[in-house]
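For reference, the structure is listed below as structure tokens.
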Amino acid sequence: MASYRAGVLEIVNETPRVNLFRLERPKGFSFVPGQFLMASIDGLYGREGALVKRSYSIASSPLDKDYLELCITRADNGLFSVAMHELDTGDVVNISGPYGVFSLKLPVPENATFIAGGSGIAPIRSMLRTLCSSPAPNAAPNGLRLFYGFRTPHEFIYRDELQGYAKKKKLVLHTTIDAPADNWGGDVGFVPEILPKYSDYAKSDAYICGPPVMVPAAIKVLSGLGFDGKRIYREQW
Ligand SMILES: Cc1cc2nc3c(=O)[nH]c(=O)nc-3n(C[C@H](O)[C@H](O)[C@H](O)COP(=O)(O)OP(=O)(O)OC[C@H]3O[C@@H](n4cnc5c(N)ncnc54)[C@H](O)[C@@H]3O)c2cc1C
């Protein structure tokens, strides 16, 4: 797999724990929405003396020709994510890829369901950005539905973009937080719990990405609602 050196073009402090990193997109780096890359930083070695490498889903769309975007949560005492959060524009990240079979199946059926928890929105955002961009090849402008769960209202990643798709009626958006909070108009509860509440949607392809505790629970609920297990695609970390 080819490796590249990618300069950091822009860093956006998206939520208290999540930064969005815009990296130069190397010439010839192609990927399908949903795939991930491996990243390392010069001089960042682990305890065993090996270069630290971590996987990150590509959050941008293949249609974003000039950059790749990563959406990285700063893990408490996390070796690589903390180092990423200390980078500045102009610094360099080593990347290789793309990797992974979690990817958008084209053509997308008229109705597809997306489910994300926390920074699990990264590969889902790549998929939705591709489908909701106009013009986009094989886009299904209607019938896309996203269930997105995060801990508190402050942790709504890609809020403006996702709400924009919903406003333009390209996406039906359901958001949920873990516990009640002031001025919150969405749902409350874990994502799997709210899926049955809106079961009017077509039971076609489903794409799920989130923490290991969320993904199997969501699959169980979807199966109970009549989704075909072979058309449920998943990624977790
Ligand atoms: C396919 C894939 C895609 C991914 N995409 C994303 C993405 O888009 N965004 C994202 O944010 N993450 C993503 N991840 C997760 C990412 O790869 C890293 O695992 C994450 O950033 C944490 O790495 P780290 O080096 O910062 O933390 P690590 O140093 O690996 O530590 C992880 C956690 O374990 C704790 N820990 C470490 N050592 C110990 C110990 N000895 N005892 C107890 N606790 C310990 C740390 O405190 C920390 O909280 C993805 C993972 C996979 C597999």
Quickly rank 172-178, 144-150 as a protection proxy: mean count of other C-beta atoms within 10 Å, highest first.
-> 144-150, 172-178
Classify the stretch 128-230 as rounded, prolate or oblate, taking a ≥ b ≥ c as the square roots of the eigenvalues of its Cα gyration tensor: rounded when a/c is under 1.5, otherwise prolate if a/b is larger than b/c and oblate if not.
-> oblate
So, over other residues within a Cβ distance under 15 Å of GLY7, counting Lys, Arg +1 and Asp, Glu -1, the net charge is -3
Take every Cα pair under 8 Å in the chain that's 6+ residues apart, average their separations, divide by the length, and report that relative contact order as a whole percent.
-> 19
Pull up all non-local amide H partners of THR175: gap of 5 or more, or a different chain, and H-to-H distance under 5 Å with H placed in the peptide plane.
-> TYR148, ASP187
Kindly rank 66-74, 23-31 from highest to lowest mean number of other beta carbons found within 10 Å of each residue.
-> 66-74, 23-31
DSSP beta bridges in the chain [antiparallel fraction, %, rounded to 5] = 50
Picking from ALA202, VAL188, ALA2, whose Cα lies most toward the positive end of the charge dipole for the chain (charges on Cβ: Lys, Arg +1; Asp, Glu -1)?
-> ALA202
Sorted on mean Cβ neighbours within 10 Å (highest first), peptides 121-131, 81-91 come out as 121-131, 81-91
Nearest 10, in degrees from 0 to 90: the angle of helix 214-225 to the longest Cα principal axis of the chain is 20
Overall form of the chain per C-alpha gyration tensor (a/c, 1.5; a/b vs b/c) = prolate
Around ILE177 (Cβ within 9 Å, Cβ-to-Cβ, excluding ILE177; K/R +1, D/E -1) the net charge comes to -2
Keeping the other protein chains in place, figure out the carbon and sulfur percent of the accessible area of the stretch 71-191, with a 1.4 Å probe.
-> 50
1.4 Å probe accessible area per residue over the chain, in Å² | 48
Nearest 20 debye, what's the magnitude of the dipole of the chain about its Cα centre given +1 on Lys and Arg Cβ and -1 on Asp and Glu Cβ?
-> 700
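Just from its helices, what would the mean residue ellipticity at 222 nm be for the chain, if runs of 4 or more DSSP H residues each count -39500 (n - 2.57) and the sum is divided by every residue, rounded to the nearest 500 deg cm²/dmol?
Working: 5 runs with 44 residues, N = 237.
Here the helix-only value at 222 nm equals -5000 deg cm²/dmol.
The values are calculated or read from the model by the stated rules, or taken from the named source; none is laboratory data. From a predicted model like this one, the values you see are computed outputs, not experimental measurements. Backbone-built Cβ (ideal geometry, glycine too); neighbour counts: all protein chains shown. Keep in mind that these areas ignore ligands, DNA and RNA; they rest on the heavy atoms of the full protein, side chains included. Shrake-Rupley method; radii C 1.70, N 1.55, O 1.52, S 1.80 Å.
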